[in-house]
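The values are calculated or read from the model by the stated rules, or taken from the named source; none is laboratory data. Only a predicted model underlies this, so the values are computations on that prediction, with no experimental measurement involved. In case anyone asks, the SASA skips ligands and DNA or RNA and just uses the protein heavy atoms, side chains included. Shrake-Rupley method; radii C 1.70, N 1.55, O 1.52, S 1.80 Å.
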Amino acid sequence: MSKAADGMTVEDTAKAITTVMNQLNVSASEATGIINSLAAGSQKGAGDINYLATALEKAGAQAGAAGLSYQQAIAAIETLAPKFSSAEVAGTALNTLFIRLSTQANSNFNPAIVGIEKALDNLAKANLTAEQKVKLFGQSSLLAANTLIEQREAFKGIPGLITAVTEKHY
């Protein structure tokens, strides 16, 4: 196992890797990159590896359908982690958010069409009212949406930090 998994049980490490592979349709050949990215994300953010794995179990499939890489999915969860003490709640909110963005009418807000970074920029530029946000995102994912929109610049930087830490240390 990778040095990134130090301190984790073999079962937890395997579960974290398997969750990412299954939820985001990532090849087993990327297992080392996955665990290193989870470790790097947990070092740079508020959620530990188990938090990330739990949230990814809830949101990973929709994140993948929305076109996010596993590094971007980790970044989204780490962006939400300071606002959500429960990984399950964060993952469920993110799952709902991706479903809502993928099924609404404005393609400029659909991450599967324009990419997650552009979708967040477009949502910020739209300057939606609270009522419009509730209608678009739903009550259950409103905090997740607001957090990602408000923290979009921080979100955009996390995948690069994950890659840099992974390449430097692992």
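One table, with the values for the structure above:
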| read-out | value |
| --- | --- |
| Note, ³J(HN,Hα) from phi for segment 37-53, Karplus 6.51, -1.76, 1.60, rounded to Hz, x at Gly and Pro | 5, 4, 5, 5, x, 5, 6, 8, x, 8, x, 7, 4, 5, 4, 4, 4 |
| Alpha-carbon centroids, segment 17-45 and segment 47-95: separation in whole Å | 12 |
| Å² of accessible area per residue within the chain, as computed with a 1.4 Å probe and no ligands counted | 47 |
| Relative contact order of segment 34-170, pairs being alpha-carbon contacts under 8 Å that are 6 or more residues apart, as % | 30 |
| Value of [θ]222 nm, deg cm²/dmol, for the chain, DSSP H segments ≥ 4, -39500 (n - 2.57) each, nearest 500 | -23000 deg cm²/dmol |
| The chain - percent of accessible surface contributed by carbon and sulfur, probe 1.4 Å | 48 |
| Lysine pairs within segment 1-118, Cα separation less than 17 Å, 8 or more sequence positions apart or different chains | 5 |
| Choice from Gly47, Gly160, Gly67 showing the highest fluctuation, given a GNM over the chain with Cα pairs closer than 10 Å | Gly160 |
